[in-house]
Amino acid sequence: MSFQFPSYYSREPFFTIQPVLNTRKKQLEMWIDLVLSYCRYNKVYEIDINEYIKKDHKLFYNEKINRRLSNESTKIIFEEMIEIGNGEWLDKDKNRVMVWWRKPEEWATLIYKWVLDSGQTNQVLTLWEIQKGDDTKNQEFYDLDTNVLIKSLKVLEKQSKAQVFQGTDSNLGVKFFSI
Amino acid sequence: MESINHSIQIVQQNPVLFDNEDVVSQMTIDNVSIYYGDALSPYQKGVIILTSLRVIWVQTSNNLPDHQIASCALHHDSIATIAPITTGFLGIGSSPKISITCRSGKELRLSFHAGKRDEFCRIYKQVLLERQTIQRQLQQQQEQLKQQQQTTTTTPTTTFDQPQQITTNTNRQTFDTSNAGISGLIKQMNKRTEETDKVLSEAFTDLNALMEKAKDMVTLSEKLKTAMDKQLKKEGDPSYSAEEDEFRSFLLHMGINTPVTKKTAKSHYHTELSKQLSDWMLEKQILSKQGGGRQLNSGMIPLADLYCIFNRARGIELISPDDLYRACLLFEQLNLPFRIRKFDSGVIVVQSKDENDEQVAKEIIEIIRENGGSITPFHLSTIQQISLNLSKEKLLACERLERLCRDETIQGISFYENFFIDCKQLQNSPPLVAT
């Protein structure tokens, strides 16, 4: 089953950034919600705006009503999304954006909880084990984007719950501590 | 060539002028020949001199004694018209010429071998014109003189002599040497401006007369109306023709019986005008006509439209846009049921006091629902029979109220009900609470 777009996705004004402040605020909220839901469903961590628009990606182009988001409108939405902490620009030209449908703090909480639950504190784990390991198959952070994972581990580092260090073959390792 | 005076007195190679004759300055041109129509004349390559009375041609020869010098003159009074001859393609290389048509029908030509044709022609025409007007005045005065003489013969009193003398004096002044030179030109200019002033003031008195007539028309229409009312009562016949009905309504619409004017209201002008405007708008239900007839006394009208309709109703004593604007500004102060409103775009409308944007929004949303969910300014303007500008302003106002939202495409803007504000259908799960 593919992603179910919400009903407002097929309303024409949804694709015009509204000039009235309150309406616009609500509209941006709705767009961010749609983008995050879509990315969560399809496990998308990164969006290249130019690429998406060039290929008429259905996230920004509703073929049925023949409405599409312009490049500027898309950027306005992502700016707002980053403002509320659900992403980060990956380049200066603001074409590529990291989409955090969970914020790094949330991922950190989830990962640390899993570590505690599986009793792996004070052990060294590779990032690969967290991303692709057999034990994490049922976890939400399975297949997590490396950039996002490192961001999350840095959060744990700050809370002194973990320590990231350079392992062999340029692989990163991480050690979790129990507090 | 009976028009030409062939014998002119020449003294020291200069023509002798009459007492009342002046040479027009700058208008002595060398190297000019005279033709009889197409044919050559004996007068070739001489000096032409323009005076206040004549055009004089004198042969240029340095050694001849005075009595042998050929010369001629053409009196202004014998001339019908003059015109420069436009030389065609074949005329290239020939000297510029002026054609002079005499009252006798004969044609003379002046050929300017050394140029200056256009300049001469312009001044010549001016001089001729002045000469004609002087001549006309002379005639009139002579006629007056005759009449006065007739009256004086019947009642010979000395008092009549004085004006006679004065008129003859002014007559003589026109030929005075003081009219020559720069001071003369200045005098002429002053005279001309005076004349223009006179013409202008006359024109405006005509306008006043027109307005007086319009007043008469209004009273006439009122009389007709009352007469018809009486007739109707007498007959008591309800089956009068539709034509009559139309005529009656036309008379009714002729306008406001006694328009407030600056003269009648003076310092209270704008207040009175404001009151009258308000009464008139209520009576004629101007605003309800604008709202597509949905509700009485609702809707709005652009100030420009109001200006046109109001002045049309006044018929006479038209008001200026500024007066109307000031009168409208007084609505609220005078507690009248209207108010003026300026949209952000600068469009000014007059609106019913009871009307607010919420009500407008309700009406528009109703229309949107009837029209399948969206509406363009153009569509709304046709439905409500309002101007496109006003329709756009209404929609934008509703958008600002967060009642509408827009869909902008290459085809233009259409407006929808604002579903953003009501939408609660958000899918993303609430953020995890850190444990």
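Values quoted throughout were computed directly from the atomic coordinates according to the rules given, and no laboratory measurement underlies them. Since this is a predicted model, take the numbers as computed values, not measurements. Glycine also receives a Cβ, built like all others from the backbone with ideal geometry; neighbour counts cover every protein chain displayed.
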Task: For residue B:43, residues with placed amide H under 5 Å, excluding near neighbours - done: B:34
Open item on the list: Using the basic label-point model (7 angstrom from Cα toward the beta carbon), what is the residue B:104 to residue B:213 distance in nanometres?
Closed with: 4.8 nm
Open item on the list: Please compute, for the alpha-carbon atoms of the range A:104-176, the extent along each of the three principal axes and give them in descending order in Å.
Closed with: 27, 25, 23
Task: Ranking of B:69, B:98 by count of other Cβ atoms within 10 Å, fewest first - done: B:69, B:98
Task: Estimated vicinal HN-Hα couplings, Hz - the range B:276-285 in sequence order (Karplus 6.51, -1.76, 1.60; Gly, Pro = x) - done: 4, 4, 5, 4, 5, 5, 5, 5, 8, 6
Open item on the list: Quick one: 3J(HN,Hα) in Hz for the range B:206-220, Karplus 6.51/-1.76/1.60 with θ = phi - 60°, rounded, Gly and Pro as x.
Closed with: 4, 4, 4, 4, 4, 5, 4, 4, 4, 4, 4, 4, 5, 4, 4
TODO: Please label the shape of the range A:1-82 as rounded, prolate or oblate, based on the square roots a ≥ b ≥ c of the eigenvalues of the alpha-carbon gyration tensor (a/c under 1.5 means rounded; beyond that, a/b larger than b/c means prolate, else oblate).
DONE: rounded
Open item on the list: Using the basic label-point model (7 angstrom from Cα toward the beta carbon), what is the residue B:348 to residue B:133 distance in nanometres?
Closed with: 4.4 nm
TODO: Please report how far the C-alpha centroid of the range B:97-111 lies from that of the range A:128-179, rounded to the nearest whole angstrom.
DONE: 115 Å
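In the calculated pair distance distribution of the range A:139-179, what percentage of Cα-Cα distances lie above 10 Å?
Details: 593 of 820 pairs.
Roughly 72 percent, once rounded to a whole number.
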TODO: Convert each backbone phi in the range A:61-69 into a coupling constant with the Karplus relation 6.51 cos²θ - 1.76 cosθ + 1.60 (shift: θ = phi - 60°), then list the ³J(HN,Hα) values in order as whole Hz, x for Gly and Pro.
DONE: 9, 9, 5, 4, 9, 6, 10, 9, 7
Open item on the list: Taking the 0 to 90 degree range and rounding to the nearest ten, how far is the long axis of helix A:71-83 tilted relative to the main principal axis of chain A, both from C-alpha atoms?
Closed with: 40 degrees
Task: Subset of A:43/A:75; A:92/A:154; B:106/B:187; B:223/B:284 violating a 28 Å alpha-carbon distance limit - done: B:106/B:187
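Using the number of other C-beta atoms within 10 angstrom as an exposure proxy, rank B:300, B:27 with the fewest first.
Placing the least packed residue first, the sequence is B:27, B:300.
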Task: Ranked list, fewest to most other Cβ atoms within 10 Å of each Cβ, for B:268, B:76, B:379 - done: B:268, B:379, B:76
